[in-house]
Amino acid sequence: MRPPAFWDAEAGHPAARFLAPLGALYGRHTAARMDRPGATAPCPVLCIGNFGLGGAGKTPTALAVAALLRDLGAHPAFLTRGYGGRLSGPLRVEPGRHRAHETGDEPLLLARVAPTILARDRPAGARLCVARGADVIVMDDGLQNPSLTKNLSLAVVDAGAGLGNGRPFPAGPLRVPLARQWPHVHGLVVIGAGARGEAVAEMARRRGCPVHRARLVPGADLAGRRVLAFAGIGRPEKFFASLREAGAEVVATRAFADHHPYGARDTAGLADEAARRGLDLVTTAKDHVRLEPAFAACVSVLPVALRFAEEAALLAQLRALLALRSG
């Protein structure tokens, strides 16, 4: 879905005020659910989540944290519900076998890096992670899901977007009122720079919650490339900015809704425009796995990686998490 513009406006916007009673009901219900005790997994569980709906950078964060865990000698596995896919699991995601319409897009990216278990039933998925050799589980999303106890929860915030108008859905982007979420959060990851991100970081600091700053770094040099860039992610403009940072001349852009299922009409229009204007087609890795193979072969991907400004505090939290393996 495309988030409505008023989610990014002031909390007093007329549409937000009109929907506020529904948001209060939804927020209370979801908060009560979030507070329920969950099942205990056979190994430590690290959750990478966010406070609201839409993209914040959870998947790049999960990939970066898993790499740090491996550097510490751990054997992580990813656990995901497979948003946007039709399979419910529990099953191991295999990029050569599964497609995005079956598993969702993020699991296919995660599975390129470490064993990835898709499971709507998170406790059953945790058991399968351990059966596949994991000694620590990295959950991609699930901060508000109470079914599995988390030993460490990191909330990810896009510094450019912050928390929008700060209201619960549908009056705003929050899944649960913020005050009810902070007790479940052990660390904040702020991606990029921006006043909105600084405001959330200050809230975290006042609560004694560690703040880990990071940025997305392009993994390719596109100097001299004239491109038509398209993306169906939470904030497509972030991707377009990364392309410019990588040296590309972004002549045209096309923004789609997050997790957009590309159809023949979409791809034909993109291909025709690129050919007519002499442009290269470029998209994100997350979008690329949702394309039909014949079209995907004609589209370049800009890889990006998350880099933490300072790793010491985060590594301390990860070492404490891994210490639970023998506890």
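Derivation of every value follows stated rules applied to the coordinates shown; laboratory data play no part. Everything quoted here is computed from the prediction, not taken from an experiment. Counting neighbours? That spans all protein chains shown, and the Cβs are built from the backbone with ideal geometry, glycine included.
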Approximate spin-label separation ARG307-ARG206, in nm, with each point projected 7 Å along Cα-to-Cβ: 3.3
Alpha-carbon spread of the stretch 182-319, three principal axes, descending order, Å: 55, 30, 29
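How much length would be gained if the chain were fully extended between GLU94 and ALA294, taking 0.36 nm per residue of separation minus their Cα-Cα distance, in nm to one decimal?
On the way: separation 200, 0.36 × 200 = 72.00 nm, distance 2.00 nm.
Result: 70.0 nm gained on full extension.
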Virtual spin-label span in nm between ALA241 and ALA195, 7 Å along Cα→Cβ: 1.5
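How long is the gain from ALA257 to ALA316 if the chain were fully straight, where each residue apart is worth 0.36 nm and the alpha carbon distance is subtracted?
That pair, ALA257 and ALA316, stretches by 17.5 nm at full extension.
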Simple label model, 7 Å out from Cα along Cβ direction - ARG86 to ARG112, nm: 2.5
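Over the stretch 96-163, what portion of Cα pair distances is larger than 16 Å, expressed as a whole percent? Don't jump to the answer; show the numbers that get you there.
Details: 1278 of 2278 pairs.
Tail of the P(r) past 16 Å holds 56 percent of the pairs.
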Full-extension gain in nm, ALA24 to ARG70, via 0.36 nm per residue minus C-alpha separation: 12.4 nm
Residue-by-residue Karplus 3J(HN,Hα) for the stretch 218-232, coefficients 6.51, -1.76, 1.60, Hz, glycine and proline x: x, x, 8, 9, 10, 4, x, 7, 9, 10, 9, 9, 9, 7, x
